[in-house]
Amino acid sequence: MIRALFIAAALAFAPASALAQPAATAQQTRGVPVQNVTSPGGISAWLVSDKTVPIIEFRAYWKGGSASDPAGKEGLTGFMADMLTEGAGDLNDEAFKNRIQDLNMSLGFGGGADGIGMSIKTLSKNRDAAFEMARLALASPRFDAAPLERMKRQAAIGIRQRETNAGYIGGVAMNAAVIPGHPYARTTSLASVNSITRADMIARMKTGMARSNLQVVAVGDIDAATLGVLLDKTFASLPANAAPFTVPDANPKPGPALIVKTLPQPQSVVSFVAPGIRYEDPDWIPLAVANYILGGGGFSSRLMDEVREKRGLVYGINTNTAVSDHVAYVRGGAQIANKNVKDAIEVIKAEMKRLRDQGPTDAEVADAKTYLTGSFPLSLDSNSSIAGVLQSYQTTGRGIDYVNTRNALIERVTKADVVRVTQRLFDPEKFVFVVVGQPDGLAATN
């Protein structure tokens, strides 16, 4: 039910001679032509104007998500966000959705751990009407009792079903071991869901969705001047400033080397995690290359080759990096037949150690860089894709030109850089492994 949408914006200020229209500064003459736009009212956005297709992709994001939900009200941010399309102004939930359908548009809100997001997709000819629906949702949400109760019933079903979901069980166990007590480790419950009221949602919206913490990206058939007018009109009802909130950094702690949770099924779900680094760390780009070599490169990765291809111990295995506002991880996962779990974990650890101690080959580094740079343009093959990439860069604090400099940064990575980051982060003894299933030869720890 709760979705996370990641959008961000960069700040720009209009000169005194341009107060009647938004300021727009092109950041690149080649690559993705991202502009920094500021509306007459001072709202900032990133814009890629492209009239090739008469469609507009629009994203908005407010910093501060469910990690700041009050204790006992876990789930509040997600409910509030989802309820914004369940009726507004004179339109009840059914009428609101019918209007959305009539306009051939999409409008969605979602609450994640670190923020609240909004997305709009509309045909150019319906642009003004589509943004009016967004304005109405923000200015006059109804938060009616009937859709709220329906959503609570749906949430209750999900809460009951998750108790037999291996991914959920593993995630809870991992968080309890690595970041115990942190807001990221909290989960919704029947009690917290049932406690959420209309007044709670109104208060959460007023304190968490303001112009001061608003970040925007727009891609498609719209120019800077038109976007500036729409920004001011759409978000006019929001307060100027959001209420302050504080979420501490998680600082993962060493947990037990192995956690086993029993769940009757023919295969186990295995996850493993260790502390990672943030995007601003100088080793972030080398880590992307190192991760590809270890487990992020599909059938080109060491783990897939050693654990699946050579030994047939797993159905699939991968590693990746995960960065939130308050924690960073290197992590991986695999689905493994119960009889193979113990052996597979030993091979995974051995391959981590081998890469850390011996480093990658020249060919591995070259192949990783070739793939990471060569595949990147494929993630920019549509306006929707461009919007998604830009929003991820904005929300993580990377600059407006990052989309056009990323590949050059990867190209500059050397073998020595990869050796340094593998020695720093790929120590198998720092990884916590969580197994959910009935693995042979491993005793349950629950």
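The values are calculated or read from the model by the stated rules, or taken from the named source; none is laboratory data. Being a predicted model, the structure only gives us computed values, none of them experimental. Neighbour counts run over all protein chains shown; Cβ positions are idealised from the backbone, glycine included. With ligands, DNA and RNA removed, areas are computed over all heavy atoms of the protein, side chains included. Shrake-Rupley method; radii C 1.70, N 1.55, O 1.52, S 1.80 Å.
How many residues does segment 35-67 contain that are surrounded by 21 or more Cβ atoms within 10 Å (Cβ to Cβ) and outside any strand (DSSP E or B)? Count: 6.
Could you please let me know if GLY208 is within 28 Å of ASP69 (Cα to Cα) and within 21 Å of the chain's Cα centre (by Cα)? Spell out how you get there, then give the answer.
Numbers: within 28 Å of ASP69 (Cα to Cα): yes; within 21 Å of the chain's Cα centre (by Cα): yes.
Here the answer is yes, as GLY208 does meet what is asked.
For VAL289, the conditions (1) farther than 18 Å from LYS349 by Cβ; (2) assigned to a loop (DSSP other than H, G, I, E, B); (3) touching a residue at least 12 places away in the same chain (Cβ under 8 Å); (4) more than 20 Å from the chain's Cα centre (by Cα) are fulfilled apart from (2). Does GLU351 satisfy the criteria of being at negative phi, among the acidic types (Asp, Glu) and open to solvent by less than 50 Å² (accessible area, probe 1.4 Å)? So GLU351 fits the description; yes.
Those residues that are of a type in the set (Gly, Ala, Ser) and either in contact with a helix residue (DSSP H, G or I) (Cβ under 8 Å, 6 or more places away or on another chain) or open to solvent by less than 10 Å² (accessible area, probe 1.4 Å) (or both), I need them from segment 314-327; list them, please. Break it down stepwise before answering.
Of segment 314-327, the ones of a type in the set (Gly, Ala, Ser) are 316, 322, 324.
Once the filter is applied, which keeps residues that are of a type in the set (Gly, Ala, Ser) and either in contact with a helix residue (DSSP H, G or I) (Cβ under 8 Å, 6 or more places away or on another chain) or open to solvent by less than 10 Å² (accessible area, probe 1.4 Å) (or both), segment 314-327 yields GLY316, SER324.
Return yes when THR370 is of a type in the set (Ser, Thr, Tyr), open to solvent by 60 Å² or more (accessible area, probe 1.4 Å), modelled with pLDDT of 95 or more and within 29 Å of the chain's Cα centre (by Cα) and no when it is not. Taking the combined requirement at face value, the residue satisfies it.
Contact map, segment 408-421: first residue open to solvent by 60 Å² or more (accessible area, probe 1.4 Å), second residue in a helix (DSSP H, G or I) and not aliphatic (A, V, I, L, M), Cβ cut-off under 7 Å, separation 6 or more or different chains; pairs are GLU411/LYS369; GLU411/THR373; LYS415/ASP362; ARG420/PRO286. Taking the conditions (1) touching a Phe, Trp or Tyr at 6+ places or on another chain (Cβ under 6 Å); (2) within 30 Å of SER195 (Cβ to Cβ) in turn, VAL34 satisfies each one other than (2).
Of SER268, SER237, which residue is among the hydroxyl-bearing types (Ser, Thr, Tyr) and open to solvent by less than 20 Å² (accessible area, probe 1.4 Å)? Before the answer, list the steps.
Details: SER237 fails: open to solvent by less than 20 Å² (accessible area, probe 1.4 Å).
Going through SER268, SER237 in turn, the sole match is SER268.
Is one or more of the residues making up segment 172-187 loosely packed, with under 14 Cβ neighbours inside 10 Å and out of contact with any helix residue (DSSP H, G or I) (no Cβ under 7 Å at 6 or more places or on another chain)? Yes, because at least one residue in segment 172-187 is loosely packed, with under 14 Cβ neighbours inside 10 Å and out of contact with any helix residue (DSSP H, G or I) (no Cβ under 7 Å at 6 or more places or on another chain).
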